[in-house]
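First the structure, in the form of structure tokens, and then the observations on it.
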Amino acid sequence: MDDELLVVAQDGVAKSYIEELAEKYGAEIVGEIEQTGDYQWQLSDIKTLDELKQLAEQVKQEEAIVSADVNYVSNIGSESVDYDVNVGKEWSDDFLKGYDPLKNKVKLSADDKLWNMKAINAPMAWKSMELKKDNIEPVKVGLIDTGFDTKHEDLGFADNGVFYLNGANSNEDRDIDTNVKTEDILSHGTHVAGIMAAKSNNKEGICGVYPYGNSLLYGVSFWGSAKKTEDIYEDKYSENAVSSMMEKIYFSELILRNVKVINCSYGDESGVLVEYGNEKEKEAELADLEDRANLLGDFLNRLIDKGYDFVICSCAGNDSNNAVEIKKKDFRKTINTKNVDSKYASTLNYIKANNKFEKVSSRIIVVGAVDVNLKRSYYSNLNCDIYAPGGIEKCRIFSTVPDMENIAKAENYTGTYGYKMGTSMAAPPLRAYALTFGALIIPLPVRR
């Protein structure tokens, strides 16, 4: 942002003092995270990046301040258990397809709606969990994504557990704007949420890899954080622009509510410039990525130091062997790629690869995609921690999606189901699978 700084105060410093300090530098507080002492300052006038950096250095010299940085903008895209696991009517016909019970093996098929679940042996895990359900302590799970169909019959979001959807903090908000690509906003996050934690205590639809997410599912909508949906497409920087402060807020909404495992199926295509841009573009993009990674890494590190524990699953990105459209503040271009390194695909991935914040890096898992033959999907970026089913055109992933023809109807709305592919679909199975098998071993806090 060209008129904002992010300021971190020493522990114990009163907000009133930070307000006085902001006024001294011609700024006001427009955002804060009380638990960590993070403040968002808005300056009275617009400045160049160099001027902002110079001002940040001045603010850092104040005794009450730990750090001060530019508020960078990035572009991101896409209790107890008392019931058995019900896979739902959408999967019931395919549930035993391909299984050889004598050899305990399964043959995967692209026409099997739950091939991705069988590829990671989720049905066996579900059965094991049923046998041990008296000892399982489900935990809160969450995702940061485009938006969510909170009324879908197969998704059990926690009460007031969805943030910034249509600018609101409640999953009861359904002020759907049908004029601006609403399906784009709701569909991706709804699909990811279903893979991760669709209900298993009903007979509808499907079952998430983690079957005990009903009423324990939380979501943050980064597209919905715009006050108006038009802002997403008419932002003065680019599409889907998200500031470093907003990214901190997204994670704080989940982590401060004790959400233990967070899925992040989004990335920044402009990271491709580090490998495929000209020298000026490479240098600028890498510097920007490092700055954003340092801001988020430091924030997450301070949450860990305060006793919060969590694991983040981050998708590797779909930039390999692709025509990647780059959208920046001052230019747009399309780059034809070959294999792309996942570490440039998002702030989280760079934090993981750079390892500057070791406690944070150890809590991030970067997930790539494979197809029904368990071969790397052609689009999946490289250098991942692990690969999971993400599919290709002939074997996509089946999950929950909004029913756009009926979503505005107040009565009898149920949602529907459909197919998508990508590393976005690969990250939630890994995250939920870790929870599922963790629950079989010991009661969950977070497993490293």
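The values are calculated or read from the model by the stated rules, or taken from the named source; none is laboratory data. The shown structure was predicted, so the numbers you read here are calculated from the model rather than taken from an experiment. Cβ coordinates were reconstructed from backbone atoms using ideal geometry, including for glycine residues, and neighbour counts include every protein chain displayed. Heavy atoms of the whole protein, side chains included, go into the accessibility calculation; ligands, DNA and RNA do not. Shrake-Rupley method; radii C 1.70, N 1.55, O 1.52, S 1.80 Å.
Whether any residue in the stretch 345-362 is modelled with pLDDT of 95 or more, in a strand (DSSP E or B) and more than 27 Å from Val106 (Cα to Cα) is what I want to check. No - not one qualifying residue is present in the stretch 345-362.
Evaluation of Ala426 against the conditions (1) crowded, with 24+ Cβ neighbours inside 10 Å; (2) of a type in the set (A, V, I, L, M); (3) in a loop (DSSP other than H, G, I, E, B) shows that the sole unmet condition is (3).
Annotation: of all residues in the stretch 282-298 being open to solvent by 10 Å² or more (accessible area, probe 1.4 Å) and of a type outside the set (D, E, K, R), the one that is farthest from Tyr250 (Cα to Cα) is Ala284. Considering the stretch 261-280, and only residues there that are modelled with pLDDT under 90 and among the charged types (D, E, K, R), the residue that is farthest from Gly31 (Cα to Cα) turns out to be Glu269.
Among the residues making up the stretch 288-340, a single one is under 28 Å from Arg363 (Cβ atoms), assigned to a strand (DSSP E or B) and small (Gly, Ala, Ser): Ser314. Looking at the stretch 24-54, which of the residues that are part of a helix (DSSP H, G or I) and open to solvent by less than 70 Å² (accessible area, probe 1.4 Å) is farthest from Val70 (Cα to Cα)? If we take residues in the stretch 24-54 being part of a helix (DSSP H, G or I) and open to solvent by less than 70 Å² (accessible area, probe 1.4 Å), then Thr36 is farthest from Val70 (Cα to Cα). Within the stretch 349-359, the set of residues being surrounded by fewer than 24 Cβ atoms within 10 Å (Cβ to Cβ) and either within 18 Å of Ser265 (Cα to Cα) or aliphatic (A, V, I, L, M) (or both) comprises just one member, Ala353. Looking across the stretch 55-76, the residues that are open to solvent by less than 40 Å² (accessible area, probe 1.4 Å) and outside any strand (DSSP E or B) come down to Leu55, Ala56, Val59, Glu62, Ala64, Asn71, Tyr72, Ile76.
If I filter the stretch 169-202 down to residues being part of a helix (DSSP H, G or I) and modelled with pLDDT under 80, which single residue comes out as surrounded by the most Cβ atoms within 10 Å (Cβ to Cβ)? Reasoning before the result, please.
At the first step, the residues of the stretch 169-202 found to be part of a helix (DSSP H, G or I) are 182-197.
Subset that is modelled with pLDDT under 80: 182-185.
Details: Thr182: 18, Glu183: 15, Asp184: 16, Ile185: 25.
This residue is Ile185.
Checking each residue in the stretch 318-332 for being open to solvent by 10 Å² or more (accessible area, probe 1.4 Å) and either among the hydrophobic types (A, V, I, L, M, F, W, C) or modelled with pLDDT of 90 or more (or both) picks out Asn318, Asp319, Asn321, Asn322, Ala323, Phe331.
Run Asn86 past the list (1) at pLDDT 75 or above; (2) farther than 21 Å from Glu290 by Cα and report the number of the one that doesn't hold. Of everything listed in (1) at pLDDT 75 or above; (2) farther than 21 Å from Glu290 by Cα, Asn86 misses just condition (1).
Please verify whether the stretch 426-437 includes one or more residues that are modelled with pLDDT of 65 or more and closer than 16 Å to Cys207 by Cβ.
Yes, the stretch 426-437 contains at least one residue that is modelled with pLDDT of 65 or more and closer than 16 Å to Cys207 by Cβ.
When the stretch 203-221 is limited to residues that are at pLDDT 85 or above and open to solvent by 10 Å² or more (accessible area, probe 1.4 Å), the one that is nearest to Phe398 (Cα to Cα) turns out to be Asn214.
Restricting the search to the stretch 385-403, which residues are more than 22 Å from Val141 (Cα to Cα) and open to solvent by less than 60 Å² (accessible area, probe 1.4 Å)?
Selection gives Gly391, Ile392, Cys395, Asp403.
When Gly31 is tested against (1) modelled with pLDDT under 85; (2) under 26 Å from the mean Cα position of the chain (by Cα); (3) within 30 Å of Gly317 (Cβ to Cβ), exactly one condition is not met: (1).
Of all residues in the stretch 222-260 being in a loop (DSSP other than H, G, I, E, B) and at pLDDT 85 or above, which is least open to solvent (accessible area, probe 1.4 Å)? Steps first, answer last, please.
Initially, the stretch 222-260 is screened for residues in a loop (DSSP other than H, G, I, E, B), giving 222-229, 234-240, 256-260.
Going one step further and asking which of them are at pLDDT 85 or above, we end up with 256-260.
Numbers: Leu256: 46, Arg257: 90, Asn258: 82, Val259: 1, Lys260: 34 Å².
Of everything passing the filter in the stretch 222-260, Val259 is least open to solvent (accessible area, probe 1.4 Å).
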